[in-house]
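Novice: Quick one: structure below, then a few questions.
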Ligand SMILES: [Zn+2]
């Protein structure tokens, strides 16, 4: 009896593995015949036919394409991946903005919805906002949840993979919230939750500049600061899934500035967009000159306003930005020393501030390297502010369709 159960499990596992291999091949080759699938997989023809029939008729993931070239006998039927029949949702749950997209199964974005994050109102309000973004995407496209294979969501914070909770998010002030469970019960499709910066790295690895790279880092420099790392071809998670909390690396133990996490001297407390905006608002001389120069109220000064004032030659704004960028370059140089990446991709709101951001950052990093002309490229991320949502689409597609991302 026990033996029979084991055999049943083995056969289910084998069907899933074979389905994954066949689906990957059809997607990679674009057009492929059953005979080629049999040859490439080494599986028996009836096994291939059974799996293909299910992919075509039940799952709608594959369709029959044009008739192939015949070399004498009956021309082969060509199979192709069918990305347009079903959809996937991706959400970047940021501290300032919730960005949601609806895409096809090739991760081509068709619709977008944005909401200002209402994080002051607490966890339940943010959950309601995420549900609302998902519902608006579906209704804009006239789809029901059954046409969507899943929703990927990026959250800034520590995700406890074993407990399937967000263990801690300083940006949202969340402790041990069951975001996956709470969304699944409301949205009615599989939900995949991942750290937002790790998703940026996954987006670069799957669809962006990291496709053919084995060792690279994505730095997310925005409201907070974090890093996603790919080491020897693998996206790193860490022992509990907590890796990448680069922003809470201490870079100045003597600093009196308190970070969101409650500690002093964290990189995020000294170099984030939030820090730049607050410093400008709280320094009365800088606040007045930036406010006059950029014609905004002092309480409306954001990091991008401070950079705008830099561009216009304001020395107070320049001092604030250069100090923040110096700390960021210390942090990034430390990562280079630790991991020896070939590429560093920098995204997040700060990266959108042109030469005023990039020139001092690149110089600051290089000045701290053991070999200043070391062959490490420092570049913007591929999808700018869409990097996390592209990664969230990749997360769902990989989890459900088994696409190659390793
Ligand atoms: Zn901190």
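Okay, residues lined up against (1) surrounded by fewer than 16 Cβ atoms within 10 Å (Cβ to Cβ); (2) in a strand (DSSP E or B):
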{"residue": "66", "(1), (2)": "yes, yes"}
{"residue": "75", "(1), (2)": "yes, no"}
{"residue": "98", "(1), (2)": "no, yes"}
{"residue": "103", "(1), (2)": "no, yes"}
{"residue": "110", "(1), (2)": "yes, yes"}
{"residue": "120", "(1), (2)": "yes, no"}
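Novice: Continuing with this model, one more query. Would you pick out the residues in the stretch 235-251 that are more than 15 Å from the chain's Cα centre (by Cα), near the ligand (Cβ under 10 Å from one of its atoms) and assigned to a loop (DSSP other than H, G, I, E, B)?
Specialist: Within the stretch 235-251, 249 is the sole residue that qualifies.
A quick yes/no check of all residues on (1) more than 25 Å from residue 208 (Cα to Cα); (2) not in a strand (DSSP E or B):
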site	(1), (2)
85	no, yes
89	no, no
95	no, yes
131	yes, yes
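Novice: For residue 151, which of the numbered conditions (1) assigned by TED's automatic domain parsing to the domain that holds residue 340; (2) more than 16 Å from the ligand (Cβ to nearest atom) fails to hold?
Specialist: (1)
Novice: Could you please let me know if residue 209 is at pLDDT 95 or above, out of contact with any strand residue (DSSP E or B) (no Cβ under 6 Å at 6 or more places or on another chain) and away from the ligand (no atom under 15 Å from the Cβ)?
Specialist: In short, yes.
Novice: What number of residues within the stretch 133-150 are surrounded by fewer than 13 Cβ atoms within 10 Å (Cβ to Cβ) and at pLDDT 90 or above?
Specialist: Residues that pass the stated criteria total 2.
Novice: Right, something else. Among the helices (runs of 4 or more DSSP H) contained in the stretch 252-301, which hold 1 or more residues that are within 16 Å of the ligand (Cβ to nearest atom)?
Specialist: Qualifying helices (runs of 4 or more DSSP H): 267-271, 273-282.
Novice: Based on what the data block shows, is residue 165 in contact with a strand residue (DSSP E or B) (Cβ under 6 Å, 6 or more places away or on another chain) and surrounded by fewer than 23 Cβ atoms within 10 Å (Cβ to Cβ)?
Specialist: When the stated conditions are applied, residue 165 passes them.
Novice: Return the only residue of 124, 129, 114 being modelled with pLDDT of 95 or more and within 19 Å of the chain's Cα centre (by Cα). Break it down stepwise before answering.
Specialist: Working: 124 fails: within 19 Å of the chain's Cα centre (by Cα); 129 fails: within 19 Å of the chain's Cα centre (by Cα).
None of the other options fit; the residue is 114.
Novice: Do the conditions hold for residue 27, that is, is it at pLDDT below 90, surrounded by 18 or more Cβ atoms within 10 Å (Cβ to Cβ) and in a helix (DSSP H, G or I)?
Specialist: Yes: the conditions hold for residue 27.
Novice: State all residues of the stretch 141-151 that are outside any loop (DSSP other than H, G, I, E, B) and without any contact (Cβ under 8 Å) to a residue 60 or more places away in the chain; if no residue qualifies, say none. Show your work before the answer.
Specialist: So in the stretch 141-151, the residues outside any loop (DSSP other than H, G, I, E, B) come out as 141, 145-151.
Answer for the stretch 141-151, where residues must be outside any loop (DSSP other than H, G, I, E, B) and without any contact (Cβ under 8 Å) to a residue 60 or more places away in the chain: 141, 145, 146.
The values are calculated or read from the model by the stated rules, or taken from the named source; none is laboratory data. Source: prediction; values computed, not measured. All Cβ positions, even for glycine, are placed from backbone atoms using ideal geometry, and neighbour counts span all protein chains on display.
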